[in-house]
Amino acid sequence: MKNVFIILSGGPSVYNSRDPKRHDQAWHNFITAPLARSKGAALHDPKTEDVHWLVYEPAYKERWTSDSANQRSAPTQYQHTLDIKMKHKCLDYLDLARKRATERGWKYIGIAGAKGFWDYINKFKSTKISRLWFYGHASNDLWLSLNHRANDHVAIEPDSNAILNIGDIDKIAARSFIPQKTARHPHKFFGCNTKAFAEQWASALSVVAEGSSGSVDFGGVTDTSGKVTLSGGAQWYQCSKGKPSQSLLSKAGAQVS
């Protein structure tokens, strides 16, 4: 029986030109990153792993609606919607994601919130999860999207149903995962400030997990074969149960494999 490699893609916010840090200028960063990683060098061995791709759909639906309506205020984002329909022959952002999953032989699963993720993880019993990779916003907890404050447009955490809380890791069963002593690949959390989540994930589930102590940049994923890069001051850590977390990368601009 093959194991399951889970990829979880969080979603973008609605584009906000007044966001001081210019989050989510492109709608597709958390979609493009795993797709690009699957080109060239194999992302997984299809003989031993099936890929289940979980995508947080509400963010992409909301972003599509916004981008489609903002030809004058956000022409670049509006052009993305035209490209989806004319160039890629798809109905919307999610239709393109489903198409790409089918091309790769991945199982696509749309989720509507954090509960959908936890429920999906908890259904595994005889089939084992070999690893999980997350792409998205984060700040200790994992965010499936983000919001903006009305007064200054600063990015803030999303609604509670779009947050994967560290404290909820203890609610899932470690027996659903291949343990660190026999696993071939680490779990990876590609997002800003994911080290704390990776540490708890590794401790609670007896797996090896990796995450960042600072910010990571998705802006160049189309040019780096899907690899995110470390921002200044960030470090990339590997975490294991019962061992101190080990820094693997610490140089700004380093590409995280």
Checklist line | Pairs beyond 21 Å (Cα-Cα), from 2/195; 123/171; 61/227 | finding: 2/195; 61/227
Next item on the list: Quick one: net charge around residue 140, please, counting Lys, Arg +1 and Asp, Glu -1 for every other residue with C-beta under 12 Å from its C-beta.
Entry: -2
Check: Rule-of-thumb check for the range 1-128: C-alpha Rg over 2.2 N^0.38 Å?
Finding: 1.16
Notebook entry, point to check: What does the convex hull of the Cα atoms come to per residue for the range 76-191, in Å³?
Noted result: 152 Å³
Note to self: Can you say what percent of the DSSP beta bridges in the chain, counting only those with both residues inside, are antiparallel? Round to 5.
What the structure shows: 45 percent
Next item on the list: Taking only the C-alpha atoms, wrap a convex hull around the range 132-257 and report its volume per residue in Å³ as a whole number.
Entry: 117 Å³
Note to self: Net charge around residue 152, counting only other residues with Cβ within less than 10 Å of its Cβ (Lys, Arg = +1; Asp, Glu = -1)?
What the structure shows: +1
Notebook entry, point to check: Which percent of Cα-Cα pairs in the range 209-257 sits in each 5 Å bin, short to long?
Noted result: 5, 25, 29, 20, 12, 6, 2, 0
Next item on the list: Quote to one decimal, in nm, the extra length available between residue 86 and residue 231 on full extension: 0.36 nm per residue of separation minus the C-alpha distance between them.
Entry: 48.7 nm
Next item on the list: Show the residues, 5+ positions off or on another chain, whose built amide H is closer than 5 Å to the amide H of residue 228.
Entry: 256
Next item on the list: Sum -39500 (n - 2.57) across every DSSP H segment of at least 4 residues in the chain, then divide by the residue count to get the 222 nm mean residue ellipticity, nearest 500.
Entry: -7000 deg cm²/dmol
Next item on the list: Amide H neighbours of residue 5 under 5 Å, at least 5 residues apart or on other chains, H built in the peptide plane: list them.
Entry: 50, 51, 52, 130
Next item on the list: Convert 37 °C to kelvin, take the viscosity as 0.692 mPa s, use the Kirkwood radius over C-alpha pairs of the range 81-137 as Rh, and evaluate the Stokes-Einstein diffusion coefficient in µm²/s, rounded to a whole number.
Entry: 240 µm²/s
Notebook entry, point to check: Semi-axes of the chain's equivalent ellipsoid from the Cα gyration tensor, sqrt of 5 times each eigenvalue, largest first, rounded to whole Å?
Noted result: 29, 21, 17
Margin query: Accessible area per residue for the range 41-114 in Å², computed with a 1.4 Å probe and the full protein assembly in place, what is it?
Written below: 54 Å²
Next item on the list: Excluding residues on the same chain fewer than 8 positions from residue 241, give the aspartates and glutamates whose Cα lies under 17 Å from its Cα.
Entry: 170, 199, 210
Next item on the list: Rounded to whole Å and ordered largest first, report the semi-axes of the equivalent ellipsoid of the range 145-200 derived from its Cα gyration tensor (root of 5λ).
Entry: 31, 13, 8
Checklist line | Per-residue ³J(HN,Hα) for the range 52-60, Karplus 6.51 cos²θ - 1.76 cosθ + 1.60, θ = phi - 60°, Hz, x for Gly and Pro | finding: 10, 9, 9, 10, 6, 6, x, 5, 6
Check: Ignoring any ligand, DNA or RNA, what whole percent of the accessible area of the chain comes from carbon and sulfur when the probe is 1.4 angstrom?
Finding: 47 percent
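The values are calculated or read from the model by the stated rules, or taken from the named source; none is laboratory data. All values reported here derive from a predicted model rather than from experimental measurement. Neighbour counts are summed over all protein chains in view; Cβ atoms, including those assigned to glycine, are modelled from backbone coordinates with ideal geometry. When the accessible area is computed, the model is the full protein with side chains, heavy atoms only, and any ligands, DNA or RNA have been set aside. Shrake-Rupley method; radii C 1.70, N 1.55, O 1.52, S 1.80 Å.
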